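A short write-up of the structure that comes next.
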Amino acid sequence: MEMWAGFECTLNRVGERYEDQLLPNERDMRLECMRLLPALGITAFRYRIAWEDETTPWSQYQEDMALFAQNNITPIVGLVHHGSGPPHTSLLDDNFAEGLAEHARRVAQEFPDIEYWTPVNEPLTTARFSALYGHWYPHERDEVAFWRALLNQIEGTIAAMREIRAVNPDAKLVQTEDLGTTYSTAASVDQAAYNNQRRWMTWDLLTGRVVTGHPFYNRLCRMGFEDCLKRISDAPCPPDIVGVNHYLTSDRFLDHRIARYPEGSVGSNGRQSFADVEAVRVLSGPSDGMELALSDAWDRYHIPVALTECHNSCTREEQMRWVRDAWKGAEKLNAAGKKIIAVTIWTLMGARGWSSLLTGDAHAFEGGVFDPLSGSIRTTAIADTITALTTDAALHPASSGAGWWHREERLRYVPAATARRVFRSPDHKASAPILIAGITGSLGKAFADAARHRGMRFIATSRAQMSLDDPESIDATLRKYRPWAVINATGWVRVDDAEKAAEQCLASNTTGALALAQCCENFGIANIHFSSDLVFDGTHSAPYDEGAALRPLNVYGESKAMADEALLAMSTPLVIRTAAFFSPFDPYNFAHHLVETVKRKGLFLASAEHQISPTYVPHLANHVLDLTIDRAKGLWHVTNGETLSWFDFAREISTACGLDALRITAASVEELGWVAPRPKQSGPRSNHGQTLAPLAHGIEKFAASARL
């Protein structure tokens, strides 16, 4: 079995706007990724020479093909990826197939040695989103339009392969489609049966099966497509490889009891209304839907099957578990005599905008094997998983355990009995834990909550269990638990008190932190340390990046600066410099105190002179866990990205929580009772790119929880 890969290469149309996942300014990073493929064990690559793309020069394609050849990577070339053609055509155009065939001929003549082709990616899914649901161009919501869009793409695929094979008779069709199963309540079983038959139509049409006796033949004939069906069945174009794309959203559950579900999940077939939700969120028993899809595809066609998209928009360890389950499931099917030839790592450089199906915020980012957000490539731990699977090496310890799709927290709705067979969830051996030092503090609790929610094994220690002022205690604890990473959530946090307790502050934030880091260094364990924006003097007019000089104004800042400089001289630490924590789960932070004060009708004082970059602690904990899993090192500035005054921050929190912002008053340092001097502007920014979600998202999350 091979490991394949690909970038998210959709180029689709919404209204008059084309949405291209392959951004021009990422060209150099894509080349760098492609050069790294052999080291990961990648043997084939899904690539795009899009019909809609009228800007990419042919020289760029030639450069990429030469790079593939040099690295023994087989390109699988797609021509339309969730698209509808150039502006002069559409999925409903009678000339769509002819136009696609012309493009295919041109590409084949330019690259006659290309063997593997996907003229149209996911024809059925594209037809649904474009002509049945109206999300993409031409934005129709009609069943006849849906079938016309699908049939045009199928005829386009057949015509394209005919032109390609005229140039290269050995050319092979890799036909991809999103494949899932629809489950339902008994009252919605007819619609589920319809969906479960319709899901095969891309491959049924190409294999010439849609003839008299096929469940959809008469229905399509009544819509006027009899001649089209005859053309297709008289000259079918069976795939050489059935490409199954499967996501956690691919399996659906239909429920006629619509009051149980959000309004946005409810639809109708004209006869009955029903909720349509992810099956994983409601089925009482977890199913291995990906494994079922691969198995069913082989059983139906007995054509070699590849998992042609393997991606999960989730936290890092869950992405790794998804890849692990895909590979292990495919291996199991092969052992049972089913021919699964490859698993494809999709979205090597992540994807944008899919949370809104490309119709909303095009910048909502989902991570992948390589992180491009800083403008250069950073390899994530998913790469370790790929290499381990292809070499049968040990997997990253963070990937142990069951994915959330096999855990009870997957359920969002009243559980429904599973109406179809499932594979038994695999057993996963426990691995080495993460150790969280400082469980009694706000940061330690946040990390424990995040790790618990993510199904990650962790050990949390208090000062009584591991004291950072006692190297022997540290050594004994690390020997006992053998963690693969240590998160230091301990430390002195009282900025004003530190001015009169400098020795204690330095002992905690500097001496203790260095003792822990040195012990981690001795054991080769990753060490995560937290620093502060108070290492700066506030004289910059712009936010501080990781290269800024340290000039603390107070004892607390000095303790953090001293620790930073020593830690960054070591090989194992990851130093996270952050600022102005806020969380609804911590009664000691600024935002929580604000809400409690205003709720009691009191006046809340905040500085309008001091600029900070607030950090939502749950966002911070999850992102730092991802960085820990990725084995990131060095210095990272991690905040929610916006710099504003304490006063303005207080007003935004108050407004989001529906409180009276007039009860917030701008106050001087003297009125606030600050003893330690603070920098007037200490907002950090990161050279690693936007590290957390925008501040507005954090405030929204805070407000939703603070109202409880």
Query raised in the report: By a straight-distance test (C-alpha under 17 Å), which aspartates and glutamates pair with Lys332 as possible cross-link partners, with residues fewer than eight away in the same chain excluded?
Result: Glu2, Asp288, Glu291, Asp296, Asp299, Asp392, Asp427
Query raised in the report: Lys633: which lysines have alpha carbons under 21 Å from its alpha carbon, excluding same-chain residues fewer than 8 sequence positions away?
Result: Lys560
Query raised in the report: Alpha carbon centre of region 116-136 versus region 347-415: separation in Å?
Result: 24 Å
Requested in this report: Between Gln272 and Arg219, take the C-beta separation as r, use R0 = 22 Å, and let me know the FRET efficiency to the nearest 0.05.
Outcome: 0.75
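Report the longest stretch of the chain that contains none of the trypsin sites (Lys or Arg not before Pro) sitting in a DSSP loop with at most 10 other Cβ atoms within 10 Å.
Between exposed loop sites, the widest span is 1-270.
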Report task. Compute the Cα gyration tensor for region 193-264, then decide on rounded, prolate or oblate, letting a ≥ b ≥ c be the square roots of its eigenvalues: rounded whenever a/c is under 1.5, prolate when a/b is larger than b/c in the other cases, and oblate in all that remain. Result -> oblate
Requested in this report: Add +1 for every Lys or Arg and -1 for every Asp or Glu among the other residues with Cβ under 14 Å from the Cβ of Gln465, and state the total.
Outcome: -1
Query raised in the report: What are the lysines whose alpha-carbon lies under 24 Å from the alpha-carbon of Lys338, with same-chain residues fewer than 8 places away excluded?
Result: Lys172, Lys328
Report task. Identify which of the listed values of Rg/Rh (Cα atoms, Kirkwood Rh) was calculated from the structure shown: (1) 1.01; (2) 1.07; (3) 1.10. Result -> (1)
Report summary line: Note to self: C-alpha centroids of region 153-171 and region 536-601 sit apart, in Å, by 60 Å
Requested in this report: Quick one: angle between helix 27-36 and the longest Cα principal axis of the chain, in degrees between 0 and 90, rounded to 10, please.
Outcome: 80 degrees
Query raised in the report: Which whole-Hz ³J(HN,Hα) couplings does region 464-475 yield from phi under the Karplus relation 6.51 cos²θ - 1.76 cosθ + 1.60, θ = phi - 60°, glycine and proline marked x?
Result: 5, 8, 8, 9, 6, 8, 10, x, 5, 5, 4, 4
Query - Size of electric dipole in the chain: Cβ of Lys, Arg +1 and of Asp, Glu -1, about Cα centre, debye, nearest 20 - result: 1940 debye
**Report entry** Nearest-20 debye value, region 434-706 charge dipole, Cβ charges on Lys, Arg, Asp, Glu
**Finding:** 820 debye
**Report entry** Amide hydrogen neighbours beyond the local backbone of Arg551, cut-off 5 Å, H modeled
**Finding:** Phe536, Asp537
Report summary line: Counting only residues 5 or more apart in sequence or on a different chain, those whose built amide H sits under 5 Å from that of Lys172 are Tyr116, Trp117
**Report entry** region 374-382 - phi-based ³J(HN,Hα) in whole Hz, Karplus 6.51/-1.76/1.60, Gly and Pro as x
**Finding:** 7, x, 9, 7, 10, 7, 9, 5, 4
Query raised in the report: Okay, helix-only estimate at 222 nm for the chain: each DSSP H run of n ≥ 4 adds -39500 (n - 2.57), divide by all residues, round to 500 deg cm²/dmol; what do you get?
Result: -10500 deg cm²/dmol
Query raised in the report: Could you give the distance between the Cα centres of region 284-330 and region 620-693, to the whole Å?
Result: 40 Å
Requested in this report: Would you calculate the separation in nanometres between label points at Ser705 and Thr387, each defined as 7 Å from the Cα along the Cα-to-beta-carbon direction?
Outcome: 3.5 nm
Requested in this report: Write out the GluC sites (Glu not before Pro) in region 16-71 meeting two conditions: DSSP loop, and at most 10 other Cβ atoms within 10 Å of their Cβ.
Outcome: Glu16, Glu54
Requested in this report: Could you state the angle between the C-alpha long axis of helix 513-523 and the longest principal axis of the C-alpha atoms of the chain, as a value from 0 to 90 degrees rounded to the nearest 10?
Outcome: 50 degrees
Query - ³J(HN,Hα) computed for each position of region 262-277 - Karplus, 6.51 cos²θ - 1.76 cosθ + 1.60, integer Hz, glycine/proline x - result: x, 4, x, 8, 8, x, 8, 9, x, 10, 8, 9, 7, 7, 10, 10
Query - For Ala342, distant residues with modelled amide H under 5 Å away - result: Glu2, Leu307
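All of the numbers you see were taken from the coordinates with simple rules; none came from a lab. This one's a predicted model, so the numbers in the text were calculated from it and none came from an experiment. Please note: Cβ atoms are built from the backbone with ideal geometry, for glycine as well, and neighbour counts cover all protein chains shown.
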